[in-house]
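Worksheet: the structure to be examined is printed underneath.
The values are calculated or read from the model by the stated rules, or taken from the named source; none is laboratory data. It should be emphasised that the depicted structure is a prediction, and the values quoted were computed from it without experimental measurement. Every residue, glycine as well, gets a Cβ built from its backbone with ideal geometry; the counts of neighbours run over all protein chains shown. The protein model used for the area step is the full one, side chains on, heavy atoms only, and it has no ligands, DNA or RNA in it. Shrake-Rupley method; radii C 1.70, N 1.55, O 1.52, S 1.80 Å.
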Amino acid sequence: MIDLILLLQFGTPLVLGALGETVGQKSGVINIGLEGVMLSAAYFGALGSMWSGSPWVGLAMGTGAGLMLALVSGWFTISLHADQVVIGTAVNLLALGLTGTLFRTQFGQTGKLFSVPEVPKWHGLDVVMIGGVLCVFLVTWVVWHTAWGLALRSAGEYPKATEAAGFSVKRLRYQALAVGGLLGGLGGAYLSLGVVGSFAENMTGGRGFIAIAMVTFGRWKPVYVFLACLLIGYLDSLQYVLQARGSAIPFQLLIAFPYVVALIVLVAFGKGTVVPAALAQPYVGEQ
């Protein structure tokens, strides 16, 4: 029997990261650095929670760290027109090295933040899990049913026409990247404060890359993206359940299982997808 609360708990970091990435990609920006955004948020979220004794401060710090890293990435890719894949890779390496160095400096080679105050839950649920579900409908409404959303989608398809209509493509893409940084940061902070309850080096373990893949798998539709993330979240939770029950399957295979399935579904169902026409293409305009 599937534990729906456990499913939501493990799926929420992916859901938030993927929804933010959906907004960004609809504007024409692919944030390969989402893994770094989530990892940085996980570290600073845990640190903020430990220092303040409040998980809410931790969530705020983690979300802020994700936003800042996303905007730094945007300065290079949107303002300086640098290659989005190259900059995203650099962001991931920066986050991995920075969080690892700070963590070892403060807590030693094998230290773990066991005393991190976690997000409080009521009957197994918490506000972040509920917010993740609500974000599915909010993103759908904002991107597909508002004037700003129409301009945003236009920036990802026909940026010249968007600018001719009086909108700033750069501003729209910065706004979309900010949304992605906020949601990705919240997802990363929730990983350490709502799922694990501590921090370990490279604890995101590729979740940022999986979130990007789930955007493609979900055809840039928030509801489909949400369901795809829940599938991976279920497989992620399943490995812990099987390990706790003493499964004969080697734990290395259990850990790899969600990523293998993500790769299979992406290859199997990713064919024929129509990506935003201007995705990952720098735009040099007047505004």
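Some notes on this structure:
- Count of residues meeting criterion [outside any helix (DSSP H, G or I) and either within 28 Å of Pro276 (Cβ to Cβ) or open to solvent by 50 Å² or more (accessible area, probe 1.4 Å) (or both)] in region 175-204: 3
- Of all residues in region 1-29, those that are at positive phi have Cβ atoms under 7 Å from Cβ atoms of residues that are surrounded by 24 or more Cβ atoms within 10 Å (Cβ to Cβ) and among the hydrophobic types (A, V, I, L, M, F, W, C), 6 or more apart or on another chain, in Gly28/Ala155.
- Matching residues in region 64-81 - criterion: being more than 14 Å from Lys170 (Cβ to Cβ), touching a residue at least 24 places away in the same chain (Cβ under 8 Å) and surrounded by fewer than 24 Cβ atoms within 10 Å (Cβ to Cβ): Gly64, Leu67, Met68
- Search result, residues across region 220-240 that are more than 20 Å from Met129 (Cα to Cα) and at pLDDT below 90: Gln239
- Gly28 of a type outside the set (Val, Ile, Thr) and part of a helix (DSSP H, G or I): no
- Of everything in region 150-174 that is assigned to a helix (DSSP H, G or I) and without any contact (Cβ under 8 Å) to a residue 40 or more places away in the chain, the residue that is surrounded by the fewest Cβ atoms within 10 Å (Cβ to Cβ) is Ala164.
- 3 or more residues within 20 Å of Gln9 (Cα to Cα) and of a type in the set (D, E, K, R): qualifying helices (runs of 4 or more DSSP H) within region 33-142: none
- Members of region 178-229 that are closer than 17 Å to Gln9 by Cβ and without any contact (Cβ under 8 Å) to a residue 60 or more places away in the chain: Val196, Gly205, Leu227
- Boolean, Leu8 is more than 10 Å from Gly185 (Cα to Cα), among the aliphatic types (A, V, I, L, M) and in contact with a strand residue (DSSP E or B) (Cβ under 8 Å, 6 or more places away or on another chain): yes
- Within the span defined as region 110-117, one or more residues are surrounded by 12 or more Cβ atoms within 10 Å (Cβ to Cβ) and over 20 Å from Thr204 (Cβ atoms).
- Verdict on Ile232 being more than 14 Å from Val139 (Cβ to Cβ) and open to solvent by 10 Å² or more (accessible area, probe 1.4 Å): no
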